[in-house]
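Below is one structure, written out as structure tokens; the observations come after it.
The values are calculated or read from the model by the stated rules, or taken from the named source; none is laboratory data. Everything numeric in this text was worked out from a predicted model, so none of it was measured. When we count neighbours, we look across all protein chains shown, and the Cβ atoms used for this are built from the backbone with ideal geometry, even at glycine.
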Amino acid sequence: MKMTKTKIAIFVVLGLLAPLVVYPVFLMKVLCFALFACAFNLLLGFTGLLSFGHAAFLGTGGYVTGYLMINTGLTPELGILCGTLAAGVVGAVYGKLAVKREGIYFAMVTLALAQLLFFVYLQAPFTGGEDGLQGVPRGALFGLIDLNDNMNLYYLVYAIFLFGFWLVFRTVHSPFGQILKAIRENEPRAISLGYNVTQYKWVAFVISAALAGLAGSTKTLVFQLASLNDVHWHLSGEVVLMTLLGGMGTIAGPLVGAGVVVTIQNFLSGGELGNYVSIIMGVIFIVCVLLFRNGIVGELQRLIKRNFS
């Protein structure tokens, strides 16, 4: 299913009108996690690298942005930029250690490094420990637009999501993206063609980490909070679920998966089933893996191709 100009225009317009119908804070949460899932999908869906520690980059972006905005009075655009850069730097270091490994060894290295960072943030004085960073000021964009207004903040978050979505789209459809797909499909053949596979995987890892940090920085601005939940391994598992549920290796899949997961969590958290959210999400994950291996978007694409092409 190709992203034509008409589909893109409809998507953009729907996003602009959405806060007139749906609570803006809920939409911002969906967009933040959708950007996080898009970043993860670049690594898993298009490069074939399964990271079990991607929450480390989301949390790093959130903590750096929150700390700077609380203690230095940094404007929101600079706070988000610093958080994104910090996550990219952590991703560059972690990537150098991880991309030389393959398969389950790569996944375990990313999980171990993420847990290491979790305990660093637990003990570090600048993170607030178990209390986290609370009361992060939203500030004013460029000193002009008050982000304490949820509508103003929504359109900033939406613009950030569109930028991240566009970056993933351009990366995937560039010559660089084609090489990533070749590595995913047959790494030994890519090596035999003369490509420095390790370097390509490292660059993809850094881009993915930076985008995850961008999502984390934005999330901190929305909820005015950065906490240990943002670097916990549970969140790394959730982004795997979002990607698989929406459709791994598809452009729109992470957005759909994030929307479904966040909606289910919000719907269940306020009711009697609130204590069983993790169990329900686990059941959904099992059903998705067993029956809908292509995800929601992947299955729709398969049905459209079979019936209309």
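Summary table below
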read-out	value
Residues satisfying the stated conditions in the range 119-156, i.e. crowded, with 18+ Cβ neighbours inside 10 Å, in contact with a helix residue (DSSP H, G or I) (Cβ under 7 Å, 6 or more places away or on another chain) and under 23 Å from His232 (Cα atoms)	Tyr121, Thr127, Gly132, Leu133, Val136
Pairs where the first residue, in the range 230-254, is within 12 Å of Phe33 (Cα to Cα) and in contact (Cβ under 8 Å) with a residue 12 or more places away in the chain and the second is outside any helix (DSSP H, G or I) and of a type outside the set (Val, Ile, Thr), C-beta under 7 Å, 6+ apart	Ser236/Phe52; Ser236/Gly53; Ser236/His54; Val239/His54; Thr243/Gly45
Filter result for Val297 (aliphatic (A, V, I, L, M), more than 25 Å from Phe57 (Cα to Cα), assigned to a helix (DSSP H, G or I) and in contact (Cβ under 8 Å) with a residue 40 or more places away in the chain)	yes
Answer residue from the range 190-209, given it is in a helix (DSSP H, G or I) and over 26 Å from the mean Cα position of the chain (by Cα) and is surrounded by the fewest Cβ atoms within 10 Å (Cβ to Cβ) among those	Ser192
Only one of Ala182, Ala226, Ala215 that is touching a Cys at 6+ places or on another chain (Cβ under 8 Å) and among the aliphatic types (A, V, I, L, M)	Ala215
Near pairs, Cβ below 8 angstrom, 6+ apart or cross-chain, from the range 82-106 (in contact (Cβ under 8 Å) with a residue 40 or more places away in the chain and of a type in the set (A, V, I, L, M, F, W, C)) to any residue that is outside any helix (DSSP H, G or I) and surrounded by 22 or more Cβ atoms within 10 Å (Cβ to Cβ)	Ala98/Ser51; Val99/Leu49; Phe106/Leu49; Phe106/Ser51; Phe106/Val99
Selected residue [modelled with pLDDT of 90 or more and within 10 Å of the chain's Cα centre (by Cα)] from Phe26, Phe33	Phe33
Boolean, Met1 is over 18 Å from Val239 (Cβ atoms), at pLDDT below 95 and surrounded by 24 or more Cβ atoms within 10 Å (Cβ to Cβ)	no
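Yes/no per residue for (1) within 23 Å of Phe26 (Cα to Cα); (2) under 18 Å from the mean Cα position of the chain (by Cα); (3) of a type in the set (Val, Ile, Thr); (4) surrounded by fewer than 13 Cβ atoms within 10 Å (Cβ to Cβ):
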residue	(1), (2), (3), (4)
Thr250	no, yes, yes, no
Ala258	yes, yes, no, no
Val262	yes, yes, yes, no
Phe267	yes, no, no, yes
Ile284	yes, no, yes, no
Val297	yes, yes, yes, no
Leu303	no, no, no, yes
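Residue by residue, here is whether (1) more than 16 Å from the chain's Cα centre (by Cα); (2) surrounded by fewer than 22 Cβ atoms within 10 Å (Cβ to Cβ); (3) of a type outside the set (Lys, Arg) holds:
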| position | (1), (2), (3) |
| --- | --- |
| Lys7 | yes, yes, no |
| Ile10 | yes, yes, yes |
| Val21 | yes, yes, yes |
| Thr47 | no, no, yes |
| Gly66 | yes, no, yes |
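Each row is one residue, and each column tells you yes or no for (1) in contact with a Ser or Thr (Cβ under 8 Å, 6 or more places away or on another chain); (2) of a type outside the set (A, V, I, L, M, F, W, C).
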residue: Ala86; (1), (2): yes, no
residue: Gly103; (1), (2): no, yes
residue: Leu116; (1), (2): no, no
residue: Thr127; (1), (2): no, yes
residue: Leu133; (1), (2): yes, no
residue: Val136; (1), (2): yes, no
residue: Met151; (1), (2): no, no
residue: Tyr154; (1), (2): no, yes
